[in-house]
Amino acid sequence: MEPILEGRGLKKVYPVKTPLGRVKGVVRAVDGVDFALMPSEILGVVGESGCGKSTLARLVLRLEEPDSGHLYFQGEDVYSLDEKALEPFRRQVQIVFQDPFSSLNPRMKVATMLMEPLLVHRVVASKVEARERVADLMERVGLSRDDLDKYPHQFSGGQRQRVGIARALVLNPRVVVADEPTSSLDVFVQAQVLNLMLELMEERGFSYVFISHNLSLVGQVADRIMVLYLGKVVETGPARELVKDPLHPYTRLLVNSVPVPDPVRARLHTLPPLGDVPSPLDPPPGCPFHPRCPHAREICREGSPPLKDMGGGRQVACYLM
């Protein structure tokens, strides 16, 4: 089976300037990332803040151009397409944003927001047909037809995220990028929204790129997981195996950072203090994780380890493996 979406060697570098406009350094937000998303699969992308997850999402959606690398959608190089040829890709790859409070236009009614993509892409013949289609979709995401004539401020956070999900699905996409879709919601509403997203995937057969800082959450919903650290992939593998038996020290740190309700077990799972993520402006030489790694050796300071195939669909970038 061929990937529906595939990235090869994606790199994105941002110059950092002084107030006078002089470049004082660069941030390598995404640094040589490869990934493949299969049809009807959930690929989890995990990492701490500043590790390149959201930048990767923007590259996948072609909201930004990479400095190098390729992105293939159904075998076609997306970055080689002009704006006209890009329209089918825009229709087939959609996003659910992190913040339901700022991702919806406060001056537009829900009906206008949901109908607009159908009319722009000429999916329907009339506004009447468009309204009927979005009304059905509103009911499917757990809202009412009457909610179409409301403004975003009239909804709760969970309801706004349901509107965001409806907006992403109105064109029946093949791929949905979910960028921290539940991070701003309380735990109970998180569960409701996640269950809804999984049900809609089962019904419609699309694929997810599910981005989150919460490895425990991603481990419950994803088929495969890719762990990012300072713009680099440090580990990939099937979700259950990766969470149960993490190979990279950074992945183990993420697993052990999940709160454990039992104080005895919590002490057993606690790692020694490892410090904060280094500044992207001044990344360490060698393996980017070595300043925080309790097992670092001299070789870790000399060069960045390549991804090594460990069998069973697992890869890890660590000299200790």
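The values are calculated or read from the model by the stated rules, or taken from the named source; none is laboratory data. Nothing here was measured: the structure is a model prediction, and the numbers come from that model. Ideal geometry is used to build each Cβ from the backbone, glycine not excepted, and the neighbour counts take in all protein chains shown.
Only one of (1) within 30 Å of Gly286 (Cβ to Cβ); (2) part of a strand (DSSP E or B); (3) touching an Asp or Glu at 6+ places or on another chain (Cβ under 8 Å) fails for Thr55. Which number is that? The single condition Thr55 does not satisfy is (2). Determine if the stretch 90-103 includes at least one residue that is free of Cβ contacts under 8 Å to residues at least 60 places away in the same chain and either among the polar types (S, T, N, Q) or farther than 22 Å from Ser183 by Cα (or both). Yes: one or more hits. Between Gly47, Gly25, the distinction of being of a type outside the set (D, E, K, R) and within 16 Å of Leu228 (Cβ to Cβ) belongs to Gly47 only. State whether one or more residues within the stretch 33-40 are under 27 Å from Gln315 (Cβ atoms) and assigned to a helix (DSSP H, G or I). No, that holds for no residue.
For the stretch 276-321, the set of residues classified as β-branched (Val, Ile, Thr) and either surrounded by fewer than 19 Cβ atoms within 10 Å (Cβ to Cβ) or within 22 Å of Val13 (Cα to Cα) (or both) consists of Val277, Ile299, listed by residue number.
Among the helices (runs of 4 or more DSSP H) confined wholly to the stretch 71-154, which include 2 or more residues that are aliphatic (A, V, I, L, M) and crowded, with 19+ Cβ neighbours inside 10 Å?
Values: elements: 87-92, 110-120, 127-140.
Here the list reads 110-120, 127-140.
Considering the stretch 5-26, the residues that are aliphatic (A, V, I, L, M) and in contact with a helix residue (DSSP H, G or I) (Cβ under 9 Å, 6 or more places away or on another chain) include one that is nearest to Pro284 (Cα to Cα), namely Leu10.
Once the stretch 185-236 is narrowed to residues that are of a type in the set (S, T, N, Q) and under 28 Å from Asn172 (Cβ atoms), the residue that is farthest from the chain's Cα centre (by Cα) is Gln192.
Please enumerate the residues belonging to the stretch 241-265 that are at pLDDT 80 or above, aliphatic (A, V, I, L, M) and not in a loop (DSSP other than H, G, I, E, B).
Within the stretch 241-265, the subset at pLDDT 80 or above is 241-256.
With aliphatic (A, V, I, L, M) added as a condition, the list becomes 242-243, 247, 253-255.
Those that are at pLDDT 80 or above, aliphatic (A, V, I, L, M) and not in a loop (DSSP other than H, G, I, E, B): Leu242, Val243, Leu253, Leu254, Val255.
Restricted to the stretch 155-184, and to residues that are assigned to a loop (DSSP other than H, G, I, E, B) and more than 17 Å from the chain's Cα centre (by Cα), which residue is nearest to Glu41 (Cα to Cα)? Write out each step before concluding.
Residues of the stretch 155-184 that are assigned to a loop (DSSP other than H, G, I, E, B), as a first pass: 155-156, 170-174, 180-184.
Add one more test, that the residue is more than 17 Å from the chain's Cα centre (by Cα), and what stays is 155-156, 170-172.
Details: Phe155: 31, Ser156: 30, Val170: 20, Leu171: 19, Asn172: 16 Å.
Going through the qualifying residues, I end up with Asn172.
Considering the stretch 13-43, and only residues there that are among the aliphatic types (A, V, I, L, M) and more than 17 Å from the chain's Cα centre (by Cα), the residue that is surrounded by the fewest Cβ atoms within 10 Å (Cβ to Cβ) turns out to be Leu20. Assess whether Leu268 counts as being surrounded by 22 or more Cβ atoms within 10 Å (Cβ to Cβ), modelled with pLDDT under 95 and of a type outside the set (Val, Ile, Thr). So Leu268 does not fit the description; no.
Do the conditions hold for Ser216, that is, is it of a type in the set (S, T, N, Q) and part of a helix (DSSP H, G or I)? Against the criterion (of a type in the set (S, T, N, Q) and part of a helix (DSSP H, G or I)), Ser216 qualifies. Among residues of the stretch 152-164 that are polar (S, T, N, Q), those with a Cβ under 6 angstrom from a residue that is assigned to a helix (DSSP H, G or I), sequence gap 6+ or separate chain, pair up as Gln161/Val193. Checked against (1) in contact (Cβ under 8 Å) with a residue 40 or more places away in the chain; (2) in a strand (DSSP E or B), Tyr14 passes all but condition (1).
Only one of the numbered conditions (1) modelled with pLDDT of 95 or more; (2) of a type in the set (Val, Ile, Thr); (3) more than 22 Å from Val227 (Cβ to Cβ); (4) in contact with a Lys or Arg (Cβ under 6 Å, 6 or more places away or on another chain) is not met by Val30, and that is (3).
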